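Here's the structure we're looking at; comments come further down.
The values are calculated or read from the model by the stated rules, or taken from the named source; none is laboratory data. These figures come from a predicted structure and were not determined experimentally. Ideal geometry is used to build each Cβ from the backbone, glycine not excepted, and the neighbour counts take in all protein chains shown.
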Ligand code: ADP
C-alpha cells in the first residue's frame, strides 16, 4: 500500500503516520524529517534547505522531488510506504505520479487530516516547548499555515479528481484519529 498523509502544520501527520507504520508494516517517508536531518548533518542538501525551513517556506520542488526519487527505490519501500508531507504542490504531485509510474506503482490513498486553525496554533506552540524545532515560533507557524492554505486547494482538487482523497477529522486524541483513519482505509 502506498499512502499519502496531508494536512496543515500541527494536524498530526507525523504522529499518525508513525502509528500506521506499525499497523501496516510499511515505512514512513517524511520530507520534513529528512530535511531537518540534513540540516543537522550540515550536508549540501541541508545548507540549501535551511533558510526555507527556518522561515516556514517551502523548499524548491526540485529538491524534495529528488529526495523522494532517490528514497522510494530503496529496498525497504518494496512493501509500500507512507508519504508524510509530500507532495505539497501540484508540481510535486505530478512528479510523484511520474516517479511511481516508472516503477510500476500507484498512490492508493490520500488522507487529509483536518484540524481547525485555532487548535493548530495552540498545538504547535505547545510542541515548541517540548521539541526544539526552529520553525515552531509564532511568525514561522503563521507563515507555514498561510503557505499551506495557498497550496492546499489545488492539491485537494488534484487528488479529488483521482478519487483517492479521504478527509478525516483530526481533532481529539491521537487514538481517536487513528481509529478514524483505519476506518477510511478499511483496515
Ligand atoms: P509541518 O507540516 O508541521 O510544517 P514538516 O516537517 O512536514 O512540518 O515540514 C517542515 C518544513 O519542511 C516545511 O515548512 C518546508 O520548509 C519543508 N518541507 C517539508 N516537506 C516539503 C515539501 N514536500 N515541499 C517543500 N518543502 C517541504
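So which of 59, 64 ends up being under 14 Å from residue 31 (Cβ atoms), near the ligand (Cβ under 10 Å from one of its atoms), at pLDDT 95 or above and not in a helix (DSSP H, G or I)?
When all the criteria are applied, what remains is 59.
Can you name the residue in region 31-56 that is more than 10 Å from the ligand (Cβ to nearest atom) and surrounded by 15 or more Cβ atoms within 10 Å (Cβ to Cβ) and, of all such residues, is nearest to residue 18 (Cα to Cα)? Before you say what the answer is, go through the steps one by one.
Restricting attention to region 31-56, the residues satisfying the condition of being more than 10 Å from the ligand (Cβ to nearest atom) are 37-38, 40-48.
From the residues that got through so far, the ones that are surrounded by 15 or more Cβ atoms within 10 Å (Cβ to Cβ) too are 38, 45-46, 48.
Values: 38: 20, 45: 24, 46: 23, 48: 27 Å.
That would be 38.
Just for region 11-35: of the residues that are under 11 Å from the mean Cα position of the chain (by Cα) and part of a loop (DSSP other than H, G, I, E, B), which one is nearest to residue 77 (Cα to Cα)?
Checked region 11-35; the qualifying residue nearest to residue 77 (Cα to Cα) is 12.
Would you confirm, using the coordinates I've provided, whether residue 14 is at pLDDT 95 or above, closer than 20 Å to residue 109 by Cα, within 13 Å of the ligand (Cβ to nearest atom) and surrounded by fewer than 19 Cβ atoms within 10 Å (Cβ to Cβ)?
So residue 14 fits the description; yes.
Would it be correct to say that residue 71 is under 27 Å from residue 182 (Cβ atoms), within 13 Å of the ligand (Cβ to nearest atom), touching a residue at least 60 places away in the same chain (Cβ under 8 Å) and surrounded by 15 or more Cβ atoms within 10 Å (Cβ to Cβ)?
Here the answer is no, as residue 71 does not meet what is asked.
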